[in-house]
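Asker: Here it is, the structure, as structure tokens.
Read-outs throughout are calculated quantities, based only on the coordinates presented, and are distinct from any laboratory measurement. Just so we're clear, the structure is a prediction, and the values are computed from it rather than from any experiment. Virtual Cβ from ideal backbone geometry, glycine too; neighbours counted across all protein chains shown.
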Amino acid sequence: MTTGEALLAKLGDRLSGLRGRLVPDAGMEKITWFRAGGPADALFQPADEEDLSAFLKAVPAEIPVMVVGIGSNLLVREGGLRGFVVRLSAKGFGNAEAISPTTIRAGAATPDKRIAAVALEAGIGGFHFYHGIPGGLGGALRMNAGANGVETRERVVEVRALDRNGELHVLKNADMGYAYRHSSVPPDLIFTSAVLEGFPEDRDVIKAAMDAVQHHRETVQPIREKTGGSTFKNPPGTSAWREIDKAGGRGLMIGGAQMSPMHCNFMINTGSATGYDLEFLGETVRARVLENSGIRLEWEIKRIGGFKPGRAIDEFLGRML
């Protein structure tokens with residue numbers, strides 16, 4: 001019996017009433033945009049908020065539960081993940097609709113790009129920046145995702161979330177504790193939906209802004225590669241890519257991982273990278289930038305899972321000798 005099968009067998013009837021999908025020994029490389037990483041003991045995709053609440057109430061507190069979004073900003077280590085990974089499905093958590101001339105209600109699994117499209121259809125300004133963010137609303141709420149001079153915190157009215165005990169919380173904007181690429185909401189809260197607010201704007205103006213965002217992405221970002229988006233947060237007063245470039249990190253490769261030659265704050269899987277390759281490359285770049293400019297870059301990509309050594313360091317050192 002595998003680890004995942006043993007976990008589901010241990011819980012037995014506790015999970016029998018759930019309507020969502022339970023998968024033992026789930027390969028996380030199928031979920032992350034990097035297409036790398038170890039397995040989770042079990043994956044649960046709840047049918048809706050009620051089903052997620054029932055699941056959280058059924059799973060004992062000592063068993064880890066971690067939520068992931070659409071996998072765009074996620075690096076999973078080869079050691080994998082203990083307990084359950086929860087992934088909100090598009091069917092139960094991916095709807096978005098305008099509920100007033102200036103507000104949108106969206107599920108946490110809604111792609112940011114879809115929210116921008118709904119805003120365009122409704123003539124609601126202020127969401128064009130989501131057109132260029134390769135992620136889902138849940139992640140945007142958690143990390144205060146932003147682009148093109150706009151951040152998620154400028155749009156949030158309220159957020160629905162479930163705690164580890166399956167209890168519902170409704171958070172106002174002030175409760176989110178937003179800062180640059182950060183919110184102070186307890187990590188065990190799982191966002192399920194949010195109400196967002198923009199402002200009335202002509203559709204032609206919104207469309208032009210979205211087109212500008214798309215043009216920028218296509219010309220300066222490796223959007224057709226296996227990437228997790230921006231690897232590091234921008235330090236105060238400068239850009240992460242600029243510091244990486246000055247430290248000689250553009251195009252740097254370790255194993256199958258590379259800092260993109262097009263945009264060197266984007267890390268890509270060239271085809272054979274492991275989670276270890278990717279993390280080792282990122283830490284190498286951080287060390288080079290620290291040595292070159294004294295700036296300690298902070299990861300923007302979320303790294304999860306147990307550490308498992310790889311061969312990338314031997315190959316890298318071999319090329320250096």
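Asker: Work out, step by step, the length gained on full extension between Asn148 and Ser293: first 0.36 nm times the residue separation, then minus their alpha carbon distance; give nm to one decimal.
Answerer: 49.6 nm
Asker: For a Förster distance of 41 Å, can you work out the FRET efficiency between the beta-carbons of Glu50 and Arg303, rounded to the nearest 0.05?
Answerer: Efficiency at R0 = 41 Å is approximately 0.80.
Asker: Still on this model: Grab the eigenvalues of the alpha-carbon gyration tensor for segment 92-205, scale each by 5, take roots, and send me the semi-axes largest first in whole angstrom.
Answerer: 23, 15, 12
Asker: Given the alpha-carbon gyration tensor of segment 223-320, what are the semi-axes of its equivalent ellipsoid in whole angstrom, ordered largest first, with each equal to the square root of 5 times an eigenvalue?
Answerer: After diagonalising the Cα gyration tensor, the semi-axes are 20, 15, 13 Å.
Asker: What is the local net charge at Ala98, summed over the other residues whose Cβ is closer than 10 Å to its Cβ (Lys, Arg +1; Asp, Glu -1)?
Answerer: -1
Asker: What lysines sit close enough to Lys113 to cross-link, taking a C-alpha to C-alpha distance under 28 Å and skipping anything fewer than 8 places away on the same chain?
Answerer: Reachable lysines: Lys30, Lys91, Lys172, Lys207, Lys226, Lys233, Lys302.
Asker: Using only the alpha-carbon atoms of the chain, report the extent along each of the three principal axes, biggest first, to the nearest angstrom.
Answerer: 59, 59, 30
Asker: Can you list the residues, at least 5 places off or on another chain, whose amide H is less than 5 Å from the amide H of Gly37, using H built in the peptide plane?
Answerer: So Gly37 has HN proximity to Gly275.
Asker: Shifting gears a bit: For Arg14 and Lys91, what does the FRET efficiency come to when R0 = 25 Å and r is the distance between their Cβ atoms, rounded to the nearest 0.05?
Answerer: So the FRET efficiency works out to roughly 0.60.
Asker: Between Asp188 and Arg224, what is the label-to-label distance in nm when each label sits 7 Å out along the Cα-to-Cβ direction?
Answerer: 4.6 nm
Asker: Moving on to the next point. Rounded to the nearest 500, what is the chain's calculated 222 nm mean residue ellipticity when only DSSP H runs of at least 4 contribute -39500 (n - 2.57) each, over all residues?
Answerer: Rounded to the nearest 500, it is -8500 deg cm²/dmol.
Asker: For the chain, modelled as a GNM with alpha-carbon contacts under 10 angstrom, which of Val86, Val118, Val76 fluctuates the most?
Answerer: Of Val86, Val118, Val76, the most mobile in the Gaussian network model is Val118.
Asker: Right, next: For all pairs of alpha-carbon atoms in segment 3-87, what percent lies in each bin of width 5 Å, listed from the first bin to the last filled one?
Answerer: 3, 16, 27, 26, 16, 10, 3, 0
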